[in-house]
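Laboratory data are not the source of any read-out in this text; all were calculated from the coordinates shown. Computed from a predicted model, the values in this text were never measured in an experiment. A quick note on method: Cβ atoms are made from the backbone with ideal geometry, for glycine too, and the neighbour counts reach across all protein chains shown.
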Amino acid sequence: LSFKLTILGSSGALPAYDRHPSAQLLEISNTQFLIDCGEGTQVQIKNFAGSVLKIDHIFISHLHGDHYLGLMGLIFSQHLFKRDKPLHIYAPKGLDEIITLQLKYAKSTPAFDLVFHLINTKASEVILETDKITVTTIPVIHKIPSVGFLFKEKIKERRLNKEKLPEGLKPEEMVLLKKGEDILDEQGQILFKADEITLSPKKSRSYAYMADTRYTENLNQYVKEVDLLYHEATFMEVDREKAIQTLHSTAAEAALFAKQAEVKKLIIGHFSARYKSLEPLLMEAKSIFNHTELAIEGVTFEIEE
Ligand SMILES: [Zn+2]
Ligand SMILES: [Zn+2]
């Protein structure tokens, strides 16, 4: 089953050099999650990923414009496309007011339910749980209330080992075995041991999105050993003062964070408009954490099962 991340926007506060503000599309087992929705996101979805109608859950990290100004356009398009499924939006306090006000003056009522889920930005909380995944917030450090998001697959079922499977097993016995439970006979004696005729589950994959944040080692407890980490790297070390003032991070800091958290792969993004070439940022990060890649729009990062 799929687990892949497509970069839709990689720029910091200003669009620059064909780079768009923050947006990413995460697909897990054919369900699509939109993370941040900067200006132009719906156009980027069309360019790289297909249809906005497939998205049922949108996660907004904070209310700086470069992370949500594309939302109204996207909502309005879904209305025109006659979406009928609910659209869930997870965001810090205020976004519901902003959107409701725009709809009020447009005298528009969307053809579908718009469901706002208020995020508590002060503590880490589970904000979405499905049968396959959980989404947990990460309270990051920024100028206004802001969170990151951790997407994690739940522990999967054990797999039946076809070579060792006895004949004549009933479907309900297979269900038990996949849950790791032994099959007992009528006297309560073990007939088949689950760990002898099943294989361990496939691994649970994880992705963490560290939205706009000042680098802080304390936060890496939330993203320990994730398969894929996105960490903003607005600036380079030469501009570290600027990063401190604006509560952003440098490429070196993002890499240090990834190293401390022992993640498998790091993607850096949210690049300042002051850098035309991104190669120096990549070099800076790689000198500390080699498994680093740039968030390039249109590129998809896939985690194998
Ligand atoms: Zn930003
Ligand atoms: Zn910001």
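Relative protection proxy for 167-176, 41-50, from highest mean packing down: 41-50, 167-176 (other beta-carbon atoms within 10 angstrom).
For segment 135-231, what Kirkwood radius comes out of the mean inverse Cα-Cα distance, in Å? About 16.4 Å for segment 135-231.
Among 26-39, 224-237, the peptide with the highest mean count of other Cβ atoms within 10 Å heads the list, and the full ranking is 224-237, 26-39. Counted by neighbouring Cβ atoms within 10 Å, the residues Asp212, Asp66, Asp195, Asp185 run from fewest to most as Asp185, Asp195, Asp66, Asp212. Cβ crowding within 10 Å ranks Val299, Val238 as Val238, Val299, fewest other Cβ atoms first.
Only helices enter the 222 nm calculation for the chain: every DSSP H run of n ≥ 4 contributes -39,500 (n - 2.57), and dividing by all residues gives -6000 deg cm²/dmol, rounded to 500. Within a straight-line Cα-Cα reach of under 13 Å, Lys178 can be paired with the following aspartates and glutamates, leaving aside sequence neighbours fewer than 8 residues apart in one chain: Glu157, Asp195, Glu196.
3J(HN,Hα) along segment 52-60, derived from phi through the Karplus expression 6.51 cos²θ - 1.76 cosθ + 1.60 where θ = phi - 60°, amounts to 5, 5, 6, 8, 10, 9, 10, 10, 10 Hz, with x in place of Gly and Pro. Overall, the anisotropy analysis places segment 36-96 in the oblate class: the square-rooted eigenvalues a ≥ b ≥ c of its C-alpha gyration tensor yield a/c not less than 1.5, with a/b not exceeding b/c.
Let me make sure I get this right: for segment 16-122, a, b and c are the square roots of the gyration tensor eigenvalues over alpha carbons, sorted descending. Under 1.5 in a/c it's rounded, otherwise prolate if a/b > b/c, else oblate. Which is it? Here segment 16-122 falls in the rounded category. Taken over segment 211-296, lysine pairs spaced eight or more positions apart, or on distinct chains, with alpha carbons under 20 Å apart number 9.
Here the chain is treated as a sphere whose radius is the Kirkwood value from Cα pairs; by Stokes-Einstein at 4 °C and 1.567 mPa s it diffuses with a coefficient of 62 µm²/s.
Show the residues, 5+ positions off or on another chain, whose built amide H is closer than 5 Å to the amide H of Tyr275. Amide H neighbours of Tyr275: none. Counting 0.36 nm for each residue step from Val175 to Tyr105 and taking away their Cα separation leaves a gain of 19.8 nm.
Label-to-label distance, Phe48 versus Ile141, with points set 7 angstrom from Cα along the beta-carbon direction: 2.9 nm. The Cα center of segment 178-228 and the Cα center of segment 251-276 differ in position by 27 Å. The string of couplings for segment 202-213 from the Karplus curve (6.51, -1.76, 1.60, θ = phi - 60°) is 5, 5, 8, 8, 9, 9, 10, 10, 9, 5, 3, 7 Hz, one whole number per residue in order, with x for Gly and Pro. Report the calculated FRET efficiency for Val238 and Lys4 (r = Cβ-Cβ distance, R0 = 25 Å), to the nearest 0.05. The calculated FRET efficiency here is 0.15. Legend: calculated FRET efficiency, Glu163 to Lys122, from the Cβ-Cβ distance at R0 = 45 Å, rounded to 0.05, equals 0.30.
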